[in-house]
Structure formats: C-alpha cells, structure tokens
Amino acid sequence: MSRSSSVTQYWVVGGEYETTEFKTIAGGGRPQRVGPFASYEDALAKWAELAWQSVDNCNIRFHIESESDSRAA
C-alpha cells in the first residue's frame with residue numbers, strides 16, 4: 001500500500017528591478033531564487049534579512065513562493 005504525501009518548500013524570490021512596477025529585472029537577468037527552506041518561518045527570516053539589506057533602494061523587491069512536491073510514501 002502506498003501513501004502520497006506532499007512536501008512544501010519555500011523560496012525567496014526577487015532582486016533589483018528596472019522600475020518600481022517590478023516587471024523586469026535590471027539588466028534583463030532572472031530573479032534571484034534563495035532557498036529552498038523547509039518552513040515558511042525560515043523563508044520569512046531570509047526575506048527580512050534581504051529586505052533590510054536593500055531598504056534604501058526602492059527598485060529592490062523580494063517575495064516568498066511555495067512549491068509543493070508530491071511524493072509516494
């Protein structure tokens with residue numbers, strides 16, 4: 001008998017954008033992706049660290065994304 005379980009991982013995603021519309025990463029690159037973190041709280045702590053490091057730059061924004069991975073147990 002197999003059981004399915006879902007593992008959720010959290011990522012902090014973002015970086016410096018061209019404008020405060022936050023649509024295009026500066027320089028045309030891809031957003032930074034930091035993680036994965038096993039809990040939302042761990043991701044939130046990293047988000048806070050990154051947010052405070054860039055508090056003086058209004059073009060930098062980070063957010064938390066979750067990703068579920070279904071695994072058979």
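FYI, it's all coordinate maths here, none of it is from the lab. What you are looking at is a predicted structure, and each value in this text was computed from that prediction instead of being measured. Heads up, the Cβs are rebuilt from the backbone with ideal geometry, glycines too, and the neighbour counts pull from every protein chain shown.
Where does the chain land at 222 nm, in deg cm²/dmol rounded to the nearest 500, when only DSSP H runs of n ≥ 4 count, each adding -39500 (n - 2.57), divided by all residues? Each step should come with its number before you reach the end.
Working: 1 runs with 14 residues, N = 73.
About -6000 deg cm²/dmol.
Please tell me the relative contact order of the chain in percent, rounded to the nearest whole number, where contacts are Cα pairs under 8 Å and at least six residues apart. It would help to have the intermediate numbers written out before the result.
Details: 121 pairs, mean separation 37.8, N = 73.
Reported as a whole number, the value is 52 percent.
What shape does the stretch 8-72 have by the C-alpha gyration tensor, where a ≥ b ≥ c are the square roots of the eigenvalues, rounded means a/c under 1.5, and otherwise prolate means a/b greater than b/c and oblate the rest? Could the numbers behind the result be given before it?
On the way: a/c = 3.29, a/b = 1.69, b/c = 1.95.
Oblate, since a/c reaches 1.5 and b/c is not below a/b.
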* **J(HN,Hα) series, the stretch 12-21, from Karplus relation 6.51 cos²θ - 1.76 cosθ + 1.60, nearest Hz, glycine and proline x** => 9, 10, x, x, 8, 9, 5, 9, 7, 7
* Structure fact -> Under a Gaussian network model of the chain whose springs join Cα atoms within less than 10 Å, the largest fluctuation of Glu21, Glu41, Glu49 belongs to Glu21
* **Under the Karplus curve 6.51 cos²θ - 1.76 cosθ + 1.60, θ = phi - 60°, whole-Hz ³J(HN,Hα) for the stretch 33-42, x wherever Gly or Pro sits** => 10, 10, x, x, 10, 6, 9, 4, 4, 5
* Collect residues whose amide H, placed 1.01 Å from N in the peptide plane, falls under 5 Å from the amide H of Tyr17; neighbours closer than 5 in sequence don't count. => Ala26, Ile60, Arg61
* Calculate the spin-label point distance for Trp52 paired with Lys23, positioning each point 7 Å from the Cα along the beta-carbon direction, and give it in nanometres. => 3.4 nm
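Which of the trypsin sites (Lys or Arg not before Pro) found in the stretch 1-70 are loop residues per DSSP with 13 or fewer other Cβ atoms within 10 Å of their Cβ? Please list the in-between numbers first.
Values: sites: Arg3, Lys23, Arg33, Lys46, Arg61; in loops: Arg3, Lys23.
Of the trypsin sites (Lys or Arg not before Pro), the ones in loops of the stretch 1-70 whose Cβ has at most 13 other Cβ atoms within 10 Å are Arg3, Lys23.
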